[in-house]
Each structure stands twice: as structure tokens, then as C-alpha cells.
Amino acid sequence: MKAFVIDATWDPRPDYRPSPVEIDTRKALIGSSVWRHPHASFQKVDTPEPGPDDVIIKLHRVGFCGSDLHFFETDADGYITYPGLTRFPTILGHELAGDIVAAGKNVQHIRVGEPVTIEDMVRCGSCYPCRINQPNFCENLDEIGFSLNGGFAEFVRVPARNCWAIASLGPRMPGAGALYDCGALVEPFTVVYNALVHAAGGVTPGAFSVVHGAGPIGLASVAMLRACGAARIVVFEVPEARRKLALAMGADSAFDPQHVTAEDVVMNETEGLGADLQVEAAGAFAHTLPAMEKSVSLMGTILVIGRDSAHVSIFPEPLQTKRARLILAKGNAGHGTYPHVLRLMASGRIDPIPMITAKYPFAELKAALDASRARGHGKILVNVD
């Protein structure tokens, strides 16, 4: 089958010592400290066959994620900027939707022919975090599209337990194509749901909320905050096109942080009280965290979802004097996250379709990558049909 494969050079930084497990598996826990000089190309690879507990999915739509982009962006020394779990070579793509075309002998809960999306985090189920129901922190974690082959291919093999049926989204969709579009957008919303609900403890109805960054995670944050009852949502984003998308997704106002002082805007709009909940979805900690520290409310929350390979400092004093919380979230596995997001979409409480600003055929995936570099789009989808 045809697949888009990325590879890079294993060359740990001088100040980073990979663990014996990392060396043995070539699975880096901090990719930006290990992998250099990334390169990718279309290749012919073997079509996967299902194991007894797996399914094979024929891909229809795959979303282009900021994490995918960070695999190709490098620092001055040639290291990738994605700071998370990675193993190369691999097939990219973890936001996906398609049809099951084969299933292993033990698979019972889902059938051949069903349209599905996937939970991209593959946990072992037996380590300590898994046994205390914290699968996002699995000690033996693999991630589809990061350390396991993903969706930028004709077919992908996935553990059946990681599949979620999307047929419930159909009645609100204008056609089968839109069903797969929506299915490929489930994953970023589950990341936001996990952060807001499980990591931060939920959204207080009536809260004043701020979102830094209006890429896919920021836009999903806006929609989720609106669905959860935030009274006012202010967004900071540089490209005008993304600010307009944020308004379309439910933000009340959107500002260019290059032309305003973000903390002054927040304090002015809250009459000096500060924001109850601020979401970092830009992955630009050196720029966003100082503004968030200065504009947090009494007992407010700063929630970090974005990923950044940079080391940054924080000033604890304004957080400590206001008994504020700094929450750092990752992942989307377990806790009923996927079924809850699917129900929100099926009910119409959340509509991800306005996020889609471009679609590219599979053969033009490199053009999709180039378009993503400009950071002016909402969500770019790749049509694998």
C-alpha cells in the first residue's frame, strides 16, 4: 500500500541520556532531545493484517495536526521541535476516520463495515498508572501516528478497543463525506475534553475564560468552553483568519497579541477581576504564560494544553497570592472521553465542521504540510479516498 513515512536520525543531545528502554526500543520519551534531520516521503509498504484483537481500517479522512508539523520543524541544531513520545520511521496521522474492513478473531464489539474514529493512545493495561485508571500516563505507552504506524496511508491496523463508532454523527451530516470529516475531528476535541474536564475539574458555568492560540486545539477549546457554559470567551491569536474562526466557533472577542497587551485586555474586560480559566493552546509558553500569570483571577486556573520544547520560567508569586492553579494536561485516553465527545457532536452541542478550512487529496499531502506551516488555517484534512 501507499504510505507517507517519516524518518529521522537518532542522535541524543549531549545533555540528554536516554534510558535503557528508550535505547532498546528506539522510542524516545522526549523526541526533541533525540531525533534530528527529519525527512519524509511516499513509500510502498506492506498492507497490514489484523492480529486477533485488532482491526484494519480503510482510511477516508485524516487530519493534519500541529504535532505532525512539529515533526518537520527543527531548531538550530536540526532537532525536531515535538517534545513528546516518538519512534521513527513511522507513518504519520492520528486524527482519522474510515471503515473497518477486517477484524481479528477476538473482536466482538465492532463489526466489519462500521465507520469509526480511533483513540490514538495505546496503553498496556498492566502498569501501575493503567491499573489505577490513569491510561494517559501508561509506562509502556504507544501512540498511533507517533510511535506506531498511523493514518497517512491506505490502511491502518489498530487495536479494536481503540475504535469508536461514528455512525451516531450521521443524522446531522449532509452526506457520507461529512461524516468522515467530522470523525477525523473527534480526536482534538477529546484532548480538550480531557484537559478541561478531567485535568482541570470542569468549567464553572458563567466563568470568564481566555484562550491563547486559535489553531485546532484552541478552536476546540472555544467550542467546548461555550458548550460548558462559559459566560465570556476571549481569544488571542496572531493570524486574522484564525481570529475570525474563533469567533465562528463561539468566542466573544479575538485580539492580535502583537497589537495589544493581553493581560491588560483581560483585566479591562473583567473589570479588574482577572480570568477564571485561561487555556494555553498556542505552544508558545515564553509569550503566553507571563500574560496569564498577570491576569489570573482569585482562585483562577491556568490550563496548559499546548506543547512547547522550550524551557521557560514562571513567576509563582501572583499565582500563590491568589491561590491560583497551574494545570498541565496531556492525552485523551479513558474516562469515557471519546463517547462523551461523540455525544456532544451528535447532539449538536458542538459542531466541528466550521474548523475545516482546507482539504487536500492524499497525493498532495506535502502541499498540506506546506499550508500548515503558515499557521493560518483551522483544520486541514487529507482525503485518502
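The values are calculated or read from the model by the stated rules, or taken from the named source; none is laboratory data. Keep in mind it's a predicted model, so treat the numbers as computed, not measured. For neighbour counting, all protein chains shown are included, and Cβ atoms are generated from backbone atoms with ideal geometry for every residue, glycine included. Each accessible area value is taken on the protein alone, full model and side chains, heavy atoms only, with ligands, DNA and RNA left out. Shrake-Rupley method; radii C 1.70, N 1.55, O 1.52, S 1.80 Å.
Points to keep in mind about this one:
- Prolate/oblate/rounded label for the stretch 1-159 (Cα gyration tensor, a/c 1.5): oblate
- Portion, in percent, of the accessible area of the chain that falls on carbon or sulfur, probe 1.4 Å: 52
- Residue among PRO50, VAL62, ALA195 farthest towards the positive dipole end of the chain, charges placed on Cβ: PRO50
- Between ALA374, ALA230, ALA184, the residue with the greatest mean-square fluctuation in the GNM of the chain (Cα pairs under 10 Å linked by springs) is ALA374.
- When the Cα atoms of the stretch 229-280 are aligned to their principal axes, the ranges along those axes come out at 30, 28, 17 Å in descending order.
- Around the amide H of LEU148, modelled in the peptide plane, lie the amide H atoms of GLU143, all under 5 Å away and 5 or more residues distant in sequence or on another chain.
- Between the helical axis of 337-347 and the longest alpha-carbon principal axis of the chain there is an angle of about 80 degrees.
- 18 Å Cα-Cα threshold exceeded, pairs from LYS2/LYS379; LYS27/LYS366; LYS244/LYS366; LYS244/LYS379; LYS294/LYS322: LYS2/LYS379; LYS27/LYS366; LYS244/LYS366
- Across the alpha-carbon atoms of the stretch 84-132, the computed radius of gyration and Dmax are 14.2, 36 angstrom.
- In this structure the chain gives 42 Å² per residue of accessible area when probed at 1.4 Å with all protein chains present.
- Amide hydrogen neighbours beyond the local backbone of VAL235, cut-off 5 Å, H modeled: VAL211, SER253, ALA254, PHE255
- Ratio of Rg to Rh for the stretch 202-338: 0.94 [Cα atoms; Kirkwood radius as inverse mean 1/r over pairs].
- Note on ALA286 and ALA167: their simple-model spin labels are 5.2 nm apart, each label 7 Å out from Cα toward Cβ.
- Built from the Cα atoms of the stretch 111-253, the convex hull projects on average onto 10.7 nm², one quarter of its surface area.
- Debye, to nearest 20: dipole size of the stretch 169-296, +1 on Lys, Arg Cβ, -1 on Asp, Glu Cβ: 400
- Exposure ranking of TRP10, TRP35 by accessible area [1.4 Å probe, largest first]: TRP10, TRP35
- Cα gyration tensor shape of the stretch 255-320, rounded if a/c is under 1.5, else prolate or oblate by comparing a/b with b/c: oblate
- Cα-based shape type of the stretch 156-209, given that a ≥ b ≥ c are square roots of the gyration tensor eigenvalues and the cut on a/c is 1.5: oblate
- The Cα atoms of the stretch 303-385 define a convex hull whose projected area, averaged across directions, is 9.2 nm².
- Ranking GLY376, SER209, SER168 by Cα position along the charge dipole of the chain, where only Lys, Arg, Asp and Glu carry charges on their C-beta atoms, puts SER168 farthest toward the positive end.
- Reported value for the chain: 138 Å³ per residue, from the convex hull of its C-alpha atoms.
- Backbone HN-Hα couplings from phi across the stretch 183-189 [Karplus 6.51/-1.76/1.60, Hz, Gly and Pro as x]: x, 6, 9, 5, 4, x, 5
- Take 28-34, 18-24, 167-173 and order them by the average number of nearby Cβ atoms within 10 Å per residue, most first; the result is 28-34, 167-173, 18-24.
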